[in-house]
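Asker: Sharing a structure here in structure tokens format.
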Amino acid sequence: MQLIRCPWCGPREEVEFHYGGQAGVAYPADPAALSDEDWARYVFVRDNPKGRFEERWSHAAGCRRWFTAVRDTATYRFER
Amino acid sequence: MSRVDGYGRIDRTRTLTFTFDGAQYTGHPGDTLASALLANGVRRIGTSVKLDRPRGITAAWGEDPTGLVQIEEPFPEPMLLATTVDLVDGLVARGLGGRGRLAEVPDTARYDRRHTHCETLVVGAGPAGLLAARTAARRGDRVVLVDDRPAAGGALLGTERICGRDALDFVADTIAELRADPDVRILPRTTAFGHYDDGFVLALERRTDHLAEPPRNVSRQRVWRIRAGHVVVATGAHERPVVVEDNDRPGIMLAASARDLLHRYGVRVGREIVVFTTDDAAHGAAADLEAAGARVTVVDPRPGAGGSATRQAQVVGTRSDAEDGAVTAVTLDDGTVLPCDTLLLSGGWNPTAHLFSHVRGALRYDAELGAFRPGEPLDGVTVVGAANGTFDLAGCLAEGRGETPEPVARTTRVVWRTEGDPARQFVDLQRDSTVADIARAVGAGMRSVEHVKRYTTIGTAHDQGRTSGVIASGITAELLGVPVESLGTTTFRPPYTPVAFAALAGRERGRLYDPERTTALHAWHVEAGAVFEDVGQWKRARYYPRPGEDMEAAVLRECAAARTGVGILDGSTLGKIDVQGPDAGVLLDRIYTNLMSSLKPGRVRYGVMCGVDGMVIDDGTVLRLDEDRFLVYTTTGGAAPILDHLEEWLQTEWPELRVSLTSVTEQWATFPVVGPRSRDVIGAFAPHVDVSNAAFPFMSWLDTEVDGVPVRLARISFSGELAWEVSVDGWHAAAVWQRLLDLGAPYAITPYGTETMHVLRAEKGYPIIGQDTDGTVTPQDLGMDWVVSKKKPDFVGRRSFARPANLDPLRKQLVGLLPVDPDLRLPEGSQIVELTDALPPPPVPMLGHVTSSYRSAALGRTFALALVKGGHARIGERLTVPVGEALVPVEVTGSVVFDPEGTRRDGEPGVH
């Protein structure tokens, strides 16, 4: 079980965390202005890189704060 | 008896009695079952799993592939190694033919778990591990030292010297120094069985099996969850045999194991011993056994190895004319037959690098060793001593201190097998797998050792190929004509040794397996004879059967009471979120499909939440408590996920909103009081409150006090009937509930459970999110366009409502179904097809499925809710529901099958 560093609480076991997928996918400013395709891209499509990935995590069983972390999807290592 | 005076660390002043295969024997404290059996001359332990060949003890500790026993007393346990079972008085065991038997009685022993943290974890208390632990402790680290044997020292036998002293004295002094350090924890009889990311190691401590009378307050086994900054793997090495024909007989053993048995237990494994070795270490074993009174012949093919008495030859086979199948002679490649009662084998040593491998450490083949050893180092992990392929004592001590050892010349000759019949050359003795099996695998086209392993089953038994894995790689390489390094070895995975499920479960069994949540009224429900159902972790009263009633009868009675008199439900499990802050209304407007900010304090509104995909995720009522405060009710199952959902949007998309969220699910008990007579009950309960429709209209609430107890009354209905929800803090819940029952007695107030709640809501077409929906259902599919705001510019999910797929008239939509036979209740989950007398050949087009189905007291018939393709346009049509072999005709109706005009909400006409 990995240790994940919560920016508020410090390193904690991974079972305390909830994974939130790719970071930086902002809610569109005006969804109604988007084409169906662009809206579907926002709702369903995410990057799936092998290697460095910016992700959202939530310290669900701790402080319940969301944060962004960078993780290598091949090695599971978090950048500190 | 083959016990030798002057050897061993057993307590010979005390005698223990035990039973094996029905016969009584004696041993001593400090013995294992294996050492005691060998001391008594018992060599045949069981038979092999496929070929039924006699098998004995082939190693002295956990690497033994053959000596499996079933323990009968003190508690039945299958498939334990005789070499790792501590001998206790009264032990009853029997040998196995490869399969054991689980206990048929419950295990009353306790198992538990502990967490610990340290800077340095050292696994293995041999010379390298001891020095590593001492070095770390002197540095000021918190240290945990685990070792799987009862006493520290590892492979040290007491014949070596360290720093000019007897090695075992050095071990005792080092342990004493470590014990005196409050930051050091020493765990003997503890096997580190799994190594995971970031210094996380699981270890199993065996705490009581060696005790004659285990204290009641000590768990039998404990799983240690160790988080270490640095892991030192000092787990030693396993000797490997050379494969020869008929190498599986009792009396054939690893050389170092025979030496171990002599020095630890004072057991001399034979009188007439042949040692066949291609490595130097076994010569020491031969000398020790000779000194202990055995006649020893050493066979070593290496020129000049050993003394002049050594025969430069190879063993190519064994014979037995003994009743127990034990070896009585060996054959050499020069044709000589040597009579013996024991054959010791040694082909070199395999570093025990499992814990390095568990964390994806790469092993590389060392041709000089004939073994795989740790390759590229890993962060936070150090492998020292024999586990690192450093076999000399000075080297082990140096690596333990963190120094680089002097190089030592290697003299092992790597010999996987000698000449002979491959079908009788056993590679994995536990699996009865031979060289012939490997040849078959290679002949069938296998090229990877992982495939060979699975084809031959080599390395898949309890010992996971400790002694056979490398040999299988070596023989496969020989057969393929490729170097061993090009094949690699199979992957080591946790657990290192078998771990009982009971130990992994620890205290989390029976009632402690999963937390149970109960409401403040649980004791009352139990007393009232409620039948409970699990709703997530909640125990909810499902119905309250009276004598002679089954569920159907009880639910019909409870439903009738709520529709004609008054009923009361414990609805405390509903999720409740206190939403506070100046922007609370803004947040809820963005989350709910309808407008919440326009709600006035004192009023209640029903709302639906969707995901961004426009699918319904939850519903419930919202009370506006104040200008900047709302109380959001979620479904019971939605309490935690919806709080998370709100937090996610709040924190990650709209951090500028000044809102805070708090779960108050546990703080409020809530009792719906439901039915045409509910006004009488609430009026009597809160006589100072005007409960008329004019003063207390539907979807309003107020706070008041009853006998000094703050209570909240809200006119909310999940049944279509006149109803109030009474909310009170948990401390006063039981008293308020009882008071409502007392005041309702004149109206025959009837407690009802979740089943009746479901029937009443289904009659009104109110969906249960997660039962009538499945994550692919929109508010429009539920026929709830009215709950979707047309005014709000945006809310979560809104944009998805405009997708073409959401506008498809053939989407599955919620409708009611009335079986033509009013007594037939459709099974929930039934598929729905076009009206037909005979099913067409498959695939039959499916129109949807039944989501809820009940018998209605109010309608005097059965009904169902269903998701049906284009269902809203099919109202009035007939469809078919196949139920078993029957084709049941049903009529499609609107989803509201009872009182669709909503005339009952304010009470029965004529009542008040």
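Asker: Once the Cα gyration tensor of the range B:284-348 is diagonalised, what are the square roots of 5 times its eigenvalues, in whole Å and ordered largest first, as equivalent ellipsoid semi-axes?
Answerer: Numbers: eigenvalues 81, 51, 18 Å².
Working from the Cα gyration tensor, I get semi-axes of 20, 16, 10 Å.
Asker: Still on this structure, please answer the following. Using Cα centres only, tell me the gap between the range B:328-357 and the range B:796-847 in whole Å.
Answerer: Measuring centre to centre over Cα atoms gives 71 Å.
Asker: Taking every DSSP beta bridge with both residues inside the range B:163-303, roughly what % is antiparallel (nearest 5)?
Answerer: 70 percent
Asker: Mind checking B:794-800 for the average number of partner chain beta-carbons within 10 Å of each residue's beta-carbon?
Answerer: Values: counts 6, 1, 2, 2, 2, 12, 5.
That average works out to 4.
Asker: Note down the net charge around B:M551, summing +1 for each Lys or Arg and -1 for each Asp or Glu among other residues with Cβ under 9 Å from its Cβ.
Answerer: Details: positive: B:R542; negative: B:E549, B:D550, B:E552, B:E755.
In short, -3.
Asker: A further question follows. State, as an integer percentage, the relative contact order of chain B based on alpha-carbon contacts under 8 Å between residues 6 or more apart.
Answerer: On the way: 2140 pairs, mean separation 78.4, N = 912.
With pairs under 8 Å counted, the relative contact order is 9 percent.
Asker: Another question, then. Under 20 Å between alpha carbons, and skipping anything fewer than 8 positions from B:K791 in its own chain: which lysines qualify?
Answerer: Partners within reach: B:K600.
Asker: Find, among the chymotrypsin sites (Phe, Trp or Tyr not before Pro) in the range A:1-38, those assigned to loop by DSSP (not H, G, I, E, B) with at most 15 other beta-carbon atoms within 10 angstrom. Mind showing how you got there, number by number?
Answerer: Details: sites: A:W8, A:F17, A:Y19; in loops: A:W8, A:F17.
Counting only loop positions with at most 15 other Cβ atoms within 10 Å, the chymotrypsin sites (Phe, Trp or Tyr not before Pro) in the range A:1-38 are A:W8.
Asker: Once the protein assembly as shown is represented by equal point scatterers at the alpha-carbon sites, with solvent omitted, what log10 I(q)/I(0) does the Debye formula produce at q = 0.04, 0.05, 0.08 Å⁻¹?
Answerer: -0.31, -0.48, -0.92
Asker: Among B:304-314, B:2-12, B:73-83, how do they line up by average Cβ neighbours within 10 Å per residue, starting with the highest? Kindly include the intermediate steps, with their values, before the conclusion.
Answerer: Details: B:304-314: 14.3, B:2-12: 16.0, B:73-83: 18.7.
For the peptides B:304-314, B:2-12, B:73-83, the packing ranking is B:73-83, B:2-12, B:304-314.
Asker: So, one more: Once you have the Kirkwood Rh of the range B:92-156 from its Cα pairs, apply Stokes-Einstein at 4 °C and 1.567 mPa s and quote D in µm²/s. Write down the numbers at each step before the final one.
Answerer: Numbers: Rh = 15.3 Å.
It comes out at roughly 85 µm²/s.
Asker: Along each principal axis of its Cα atoms, how long is the range B:21-94 end to end? Whole angstroms, biggest number first, please.
Answerer: 34, 22, 22
Asker: Rounded to a whole number of µm²/s, how large is the Stokes-Einstein D of the range B:177-219 at 37 °C and 0.692 mPa s, given Rh as the Kirkwood radius over C-alpha pairs?
Answerer: On the way: Rh = 12.7 Å.
Rounded, D is 258 µm²/s.
Asker: Another question, if that's okay. Rule-of-thumb check for the range B:483-596: C-alpha Rg over 2.2 N^0.38 Å?
Answerer: Values: Rg = 25.9 Å, N = 114, 2.2 N^0.38 = 13.3 Å.
Relative to the rule-of-thumb radius for its length, the range B:483-596 sits at 1.95.
Asker: Got a sec? What order do B:K764, B:K869 fall in by accessible area at 1.4 Å, biggest, i.e. largest, first?
Answerer: Working: B:K764 20, B:K869 85 Å².
Ranking B:K764, B:K869 by accessible area, largest first, yields B:K869, B:K764.
Asker: Moving to a separate point now. If you take the accessible area of A alone plus B alone and subtract the pair, what total do you get in square angstrom, rounded to 100, with a 1.4 Å probe?
Answerer: Numbers: alone 5930 and 37940 Å², together 41650 Å².
Chain pair A/B: roughly 2200 Å² of buried accessible area.
Asker: Read phi for every residue in the range B:371-379 and hand back ³J(HN,Hα) as whole Hz from Karplus 6.51 cos²θ - 1.76 cosθ + 1.60, θ = phi - 60°, with x for Gly and Pro.
Answerer: Going residue by residue, I get 7, 8, 10, x, x, 3, x, 10, 4 Hz, with x marking Gly and Pro.
Asker: Starting from the eigenvalues of the Cα gyration tensor, five times each then square-rooted, give me the equivalent ellipsoid semi-axes of the range B:388-475, largest first, whole Å.
Answerer: Numbers: eigenvalues 217, 43, 28 Å².
Sorted largest first and rounded, they come to 33, 15, 12 Å.
Asker: Right, another one. Please state the charge dipole magnitude for the protein assembly as shown, taken about the Cα centre, from unit charges on C-beta atoms (+1 on K and R, -1 on D and E), reported in debye and rounded to the nearest 20.
Answerer: Working: 110 positive and 132 negative charges, 115 e Å.
In total the dipole reaches around 560 debye.
Asker: Express the relative contact order of chain A as a whole percentage, based on alpha carbon pairs under 8 Å and six or more residues apart in sequence.
Answerer: On the way: 112 pairs, mean separation 23.9, N = 80.
RCO, chain A: 30 percent.
Asker: Given N residues in chain B, what is Rg(Cα) / (2.2 N^0.38 Å)? Intermediate results must be reported in sequence, preceding the final value.
Answerer: On the way: Rg = 37.8 Å, N = 912, 2.2 N^0.38 = 29.3 Å.
Compared with the compact-globule rule of thumb, chain B sits at 1.29.
Asker: Using +1 on the beta carbon of Lys and Arg, -1 on that of Asp and Glu, and nothing else charged, what's the dipole of the range B:443-507 about the Cα centre, debye to 20? The partial results should precede the final answer.
Answerer: Values: 6 positive and 4 negative charges, 60 e Å.
Computed about the Cα centre, the dipole is about 280 debye.
Asker: Moving to a separate point now. Antiparallel as a % of all DSSP beta bridges within chain B, to the nearest 5? Each step should come with its number before you reach the end.
Answerer: On the way: 124 of 168 bridges.
Antiparallel bridges make up about 75 percent of those DSSP assigns within chain B.
Asker: Taking every DSSP beta bridge that has both residues in the protein assembly as shown, what percent is antiparallel when rounded to the nearest 5? Let's see the in-between values first.
Answerer: Values: 139 of 183 bridges.
Around 75 percent of the beta bridges assigned by DSSP in the protein assembly as shown are antiparallel ones.
Asker: Of B:P842, B:G816, B:P804, whose Cα points farthest to the positive end of the dipole of the range B:784-847 (charges on the beta-carbon: +1 Lys, Arg; -1 Asp, Glu; origin at the Cα centre)?
Answerer: My answer, from the dipole projection, is B:P804.
Asker: Would you list B:F801, B:F630 from the most to the least accessible area, probe 1.4 Å? Before the final figure, lay out each step's value.
Answerer: Details: B:F801 25, B:F630 0 Å².
From most accessible down to least: B:F801, B:F630.
Asker: Could you work out how far helix B:255-265 tilts from the main Cα principal axis of chain B, as a 0 to 90 degree angle to the nearest 10?
Answerer: 80 degrees
Asker: How long are the semi-axes of the equivalent ellipsoid of the range B:151-198, taking √(5λ) for every eigenvalue λ of the Cα gyration tensor, in whole Å from largest down? Intermediate results must be reported in sequence, preceding the final value.
Answerer: Values: eigenvalues 120, 48, 17 Å².
The three semi-axes for the range B:151-198 are 24, 15, 9 Å.
Asker: Round to the nearest 10 and give me the degree value, 0 to 90, for the angle of helix B:127-138's Cα axis relative to the longest principal axis of chain B.
Answerer: Helix B:127-138 sits at roughly 60 degrees to that axis.
Asker: Give the average, rounded to an integer, of partner chain Cβ atoms located within 10 angstrom of each Cβ in A:17-23. Could the numbers behind the result be given before it?
Answerer: On the way: counts 0, 2, 0, 2, 0, 0, 1.
Neighbouring Cβ atoms belonging to other protein chains average 1 per residue here.
Asker: Give me the distance in nm between label points sitting 7 Å out from Cα along the Cα-to-Cβ direction at B:A309 and B:A151, one decimal.
Answerer: Each label point is offset 7 Å from its Cα along the Cβ direction, giving 2.8 nm.
Asker: With +1 assigned to the C-beta of every Lys and Arg and -1 to the C-beta of every Asp and Glu, and no other charges, what is the dipole magnitude of the range B:128-233 about the Cα centre in debye, to the nearest 20?
Answerer: On the way: 17 positive and 15 negative charges, 62 e Å.
It works out to roughly 300 debye.
Asker: Would you be so kind as to identify which of B:M609, B:P672, B:V632 lies farthest towards the positive end of the dipole of the range B:577-731, taking Lys and Arg as +1 and Asp and Glu as -1 on Cβ and the Cα centre as origin?
Answerer: Value: B:P672.
Asker: Can you tell me what the convex hull of the Cα atoms of the range B:330-394 projects to on average, as an area in nm²?
Answerer: On the way: hull surface 27.8 nm².
Average of the hull's projected areas for the range B:330-394 equals 7.0 nm².
Asker: Now, a different point. For the protein assembly as shown, which whole percent of the accessible surface, found with a 1.4 angstrom probe, sits on carbon and sulfur atoms? Provide the component values of the computation, followed by the final result.
Answerer: On the way: 21480 of 41650 Å².
That share works out to 52 percent.
Asker: Residues with beta-carbon under 13 Å from that of B:D183, excluding B:D183: net charge, scoring Lys, Arg +1 and Asp, Glu -1? It would help to have the intermediate numbers written out before the result.
Answerer: On the way: positive: B:R134, B:R138, B:R139, B:R142, B:R179, B:R185; negative: B:E119, B:D141, B:E177, B:D181.
With Lys, Arg at +1 and Asp, Glu at -1, the net is +2.
Asker: Cα-based Rg of the range B:583-710 per 2.2 N^0.38 Å, rounded to two decimals? Write down the numbers at each step before the final one.
Answerer: Values: Rg = 16.5 Å, N = 128, 2.2 N^0.38 = 13.9 Å.
Cα-based Rg divided by the globular estimate yields 1.18.
Asker: For the range B:603-642 and the range B:222-265, what is the separation of their C-alpha centers, rounded to whole Å?
Answerer: With the range B:603-642 and the range B:222-265 each reduced to a Cα centre, they are spaced 62 Å.
Asker: Also: Which distance in Å, rounded to a whole number, links the C-alpha centroids of the range B:715-747 and the range A:18-80?
Answerer: A separation of 46 Å, based on Cα centres.
Asker: Sorted from largest down, what three extents in whole angstroms do the Cα atoms of the range B:721-772 have along their principal axes?
Answerer: Its Cα atoms span 35, 26, 17 Å along the three principal axes.
Asker: Mind jotting down a quarter of the surface of the convex hull over the alpha carbons of the range B:777-912, in square nanometres, one decimal?
Answerer: On the way: hull surface 44.5 nm².
Its Cα hull, projected and averaged over all orientations, spans 11.1 nm².
Asker: Under 17 Å Cα to Cα from B:K812, which lysines show up? Leave out anything in the same chain fewer than 8 places away.
Answerer: Reachable lysines: B:K869.
Asker: If you don't mind, another one. Of B:M253, B:F276, B:H238, which is farthest along the charge dipole of the range B:213-293 in the positive direction, counting Lys and Arg as +1 and Asp and Glu as -1 at C-beta?
Answerer: About the Cα centre, the residue reaching furthest to the positive side is B:H238.
The values are calculated or read from the model by the stated rules, or taken from the named source; none is laboratory data. Because the structure is predicted, anything quoted here is derived from the model rather than measured. Neighbour counts run over all protein chains shown; Cβ positions are idealised from the backbone, glycine included. Ligands, DNA and RNA are excluded from the accessible area calculation, which covers all protein heavy atoms including side chains. Shrake-Rupley method; radii C 1.70, N 1.55, O 1.52, S 1.80 Å.
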